[in-house]
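Step one of this worksheet: look at the structure below.
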Amino acid sequence: MRPLITVLATALLAACAVGPEHVRPSMAVPETFEGVIAPDATAATSTAAPAVTDTAFWQAFGDPQLNALVDDTLAANHDLRIALARYDRANALLRGTRFDQFPTIDASGTAASNRASADQAPGVPRDARATDSFDIGIGASWELDLFGRVRRSVEAGRADVAASADDLRALQVAIVGEVATAYLDLRGLQERLRVATENAGNQQHTLALVEARRNAGQDSDFDSARASAQAASTASRIPGLEAEIAVATRRIAVLTGRTPDALRAQLSVARALPAVPRSIDPGTPADVLRLRPDVSAAEHRLHSATARVGVATADLFPRLTLGGLIGSQAGDIDALFGRDSETRLVALGIDWSFLDIGRVRARIAAADADASMELARYQQTVLRALEDTGNALVRFDRAHDADVELERAARDSARAAQLARMRFDAGGTSLLEVLDAERTQLQAEDAFAAGRTRTATDAVGLYRALAGGWPQSLPARETAGMR
């Protein structure tokens, strides 16, 4: 027995984990994003919002209602609860795999009474053919992880758990971004509804004036029809905007885990669009890649696939299992734990699939292919992250430039419409010029409202691409009732 223990101890000390070690892939990335000036290059960038790190991005809009909606979403969104359940499942599987590193212990006991027939025991009296037996024992078995099969399994499970955690973070990014976008769209639609309603009122006033002039014989039916058509066209915008507002309200309610109509009263009160930072410092591409949960999840999945190559490779080597049993066996229950009833067993088992080497090597080749696939997926995820961030930066930067021109157009068109109506009242211009000025005013003011909304949602898109500033907030865990 002592030589066996010595050999096992030596083998365990020399044990190694077969298969490749995971190394983070290196990829060449630019030092800065194209078109973004380094923070220390100009003082003008000091007014930029800081790169997203620890601050929840939605708070940068300064809207308490948006903050409350996001908090509700993080706590009650059902998609996030699904992702949390996947994370909990991965954790549970990892705990199960870790138990493979330790001996498996079980206990058993039997009590039996047996009577042989006269034919089975000829010549033996009836009472002597009856026997009782009692035994009880504790057994243990332990796989000696000489070649790292179990350790690689644990390593892969740990990477799977980390990937599931990153998937949860990535879903938080997507869903919080969707809530913020829907909320900003709602406020933008309410502003566009205000513009349409106000312009419809102005055009109704013009129509009333034209009809009064027609009744006085100053204008024709043709002028009245044109003014009526334009007023009706503007009024037709209102139902469509009201429908879009209802759709956005329902979307927000469902994202926060509520029934579709739960927030109708709360969100029906129109509010101005929140202020948007003039610029947002994205940091460096390396910072973005460090913060992006999808990049982190892809790396963890590559790590898991690499570890599973080691799991498959370990089948090339013998699998040793140490087993033991200690117990007591007796024909009388009173003698069950007596000195002479003691039983014990120590065994070393060897399982080696060397005769099935073809299937083993096929599994290794499949694991290698999985690792290659995850490497390519990681590299593609990195490139897409850089692409998403670069695109979001360009959109956000250009949106501000467009807003400047749209604001000027809205202001000038409103002034032109006012002057046209004053000149028309004084008889200095035709109705056609008034109608054209009012139509231009509506288009310009609506475009400005839509542009400001687009700029706000582009800011959310940029924050989503940067993927930072996420608090450790998890949805509530709920256990399904068992039947």
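If I take R0 = 45 Å and measure r between the Cβ atoms of Arg290 and Asp261 in this structure, what FRET efficiency does the formula 1/(1 + (r/R0)^6) give, to the nearest 0.05? Present the calculation step by step, with values, prior to reporting the outcome.
Numbers: r = 42 Å, r/R0 = 0.93.
E between Arg290 and Asp261, to the nearest 0.05, is 0.60.
Quick query: amide H of Thr343 versus all other amide H atoms, modeled in the peptide plane; which residues come in under 5 Å with a sequence gap of 5 or more or a different chain?
Counting only residues 5 or more places away or on other chains, the set is Gly327, Ser328, Gln329.
Kindly express, to the nearest 10 degrees and within the range 0 to 90, the angle between helix 149-215's C-alpha long axis and the longest C-alpha principal axis of the chain.
The angle comes out at about 20 degrees.
Tabulate in residue order the Karplus-calculated ³J(HN,Hα) for the range 242-258, using 6.51 cos²θ - 1.76 cosθ + 1.60 with θ = phi - 60°, rounded to whole Hz; enter x for Gly and Pro.
Going residue by residue, I get 4, 5, 5, 5, 5, 5, 4, 4, 5, 4, 4, 4, 5, 5, 8, x, 10 Hz, with x marking Gly and Pro.
Per the 1.4 Å probe, what fraction of the accessible area of the chain, in percent, lies on carbon and sulfur atoms? Could you put the intermediate results ahead of the total?
Numbers: 14810 of 26890 Å².
For the chain, the apolar C and S fraction of the accessible surface comes to 55 percent.
Where does each of 156-163, 338-345 land if you order them by average Cβ count within 10 Å, highest first? Write out the running numbers ahead of the final one.
Numbers: 156-163: 21.9, 338-345: 11.1.
Top to bottom by mean Cβ count within 10 Å: 156-163, 338-345.
Take every DSSP beta bridge whose two residues both sit in the chain, then give the antiparallel share in percent to the nearest 5.
Numbers: 33 of 34 bridges.
DSSP beta bridges in the chain are roughly 95 percent antiparallel.
Long-range amide H contacts for Leu144: which residues qualify at under 5 Å (H placed 1.01 Å from N, peptide plane, sequence gap of 5 or more or a different chain)?
Leu320, Thr321, Leu322
With just the Cα atoms defining each centre, how far is the range 52-124 from the range 346-387? Give it in Å.
A separation of 25 Å, based on Cα centres.
How far, in degrees from 0 to 90, does helix 293-313 lean away from the longest principal axis of the Cα atoms of the chain, to the nearest 10?
20
Label Thr197 and Gln120 with points 7 Å out from Cα along Cα→Cβ: what is the distance between them in nm?
If labels sit at Thr197 and Gln120, their model points lie 9.4 nm apart.
Please list, in chain and number order, the residues 5+ apart from Asp281 or on another chain whose amide H is under 5 Å from its amide H, with Hs placed from the backbone.
Ala49, Ala51
Would you list the P(r) distribution for the range 264-334, with all Cα-Cα distances sorted into 5 Å bins from 0 and each bin expressed as a whole %?
Taking all Cα pairs of the range 264-334, the binned fractions are 3, 9, 7, 7, 7, 7, 8, 8, 7, 6, 6, 5, 4, 5, 4, 3, 2, 2 percent.
How many Å² of accessible area per residue for the range 306-388, probe 1.4 Å? Kindly include the intermediate steps, with their values, before the conclusion.
On the way: 5320 Å² over 83 residues.
Ligands and nucleic acids excluded, the result is 64 Å² per residue.
Provide the gained length on full extension for the span Ala76 to Ala275, in nm with one decimal, where the gain is 0.36 nm per separating residue minus the Cα-Cα distance.
Working: separation 199, 0.36 × 199 = 71.64 nm, distance 2.71 nm.
Stretched fully, the Ala76-Ala275 segment lengthens by 68.9 nm.
From the P(r) of the range 261-388, can you give the percent of Cα pairs sitting at distances over 26 Å?
Working: 5256 of 8128 pairs.
That fraction is 65 percent.
Return the calculated 222 nm mean residue ellipticity for the chain, to the nearest 500 deg cm²/dmol, obtained by summing -39500 (n - 2.57) across DSSP H runs with n ≥ 4 and dividing by the residue count. The partial results should precede the final answer.
Values: 11 runs with 284 residues, N = 483.
Counting only the DSSP helices, I get -21000 deg cm²/dmol.
Roughly what would the spin-label model give for Gln101 and Arg361, points 7 Å off Cα along C-beta, in nm?
3.3
What's the local net charge at Arg464, with K and R +1, D and E -1, over the other residues with C-beta under 14 Å away? Walk me through the numbers on the way to the answer.
On the way: positive: Arg169, Arg292, Arg384, Arg395; negative: Glu178, Asp294, Glu387, Asp388, Asp458.
Net local charge, Arg464 excluded: -1.
Give, in nm to one decimal, the length gained when the segment between Thr343 and Gln59 is fully stretched (0.36 nm per residue of separation minus the Cα-Cα distance). Please list the in-between numbers first.
On the way: separation 284, 0.36 × 284 = 102.24 nm, distance 7.04 nm.
Here the answer is 95.2 nm.
Any chance you could check the Cα centroid distance between the range 239-260 and the range 181-197 for me, in angstrom?
Using only Cα atoms to place each centre, the spacing works out to 12 Å.
Label-point separation (nm) for Arg423 and Ala128, each offset 7 Å from Cα along Cα-to-Cβ?
My value for the distance between the label points is 13.5 nm.
With a probe of 1.4 Å, find how much accessible area the range 156-268 has per residue, and write the answer as a whole number in Å². Each step should come with its number before you reach the end.
Numbers: 4930 Å² over 113 residues.
About 44 Å² of surface per residue is accessible.
The values are calculated or read from the model by the stated rules, or taken from the named source; none is laboratory data. Computed from a prediction, not measured in an experiment: that's the story for all the values here. A quick note on method: Cβ atoms are made from the backbone with ideal geometry, for glycine too, and the neighbour counts reach across all protein chains shown. Heads up: the accessible areas ignore ligands, DNA and RNA and are worked out on the full protein's heavy atoms, side chains in. Shrake-Rupley method; radii C 1.70, N 1.55, O 1.52, S 1.80 Å.
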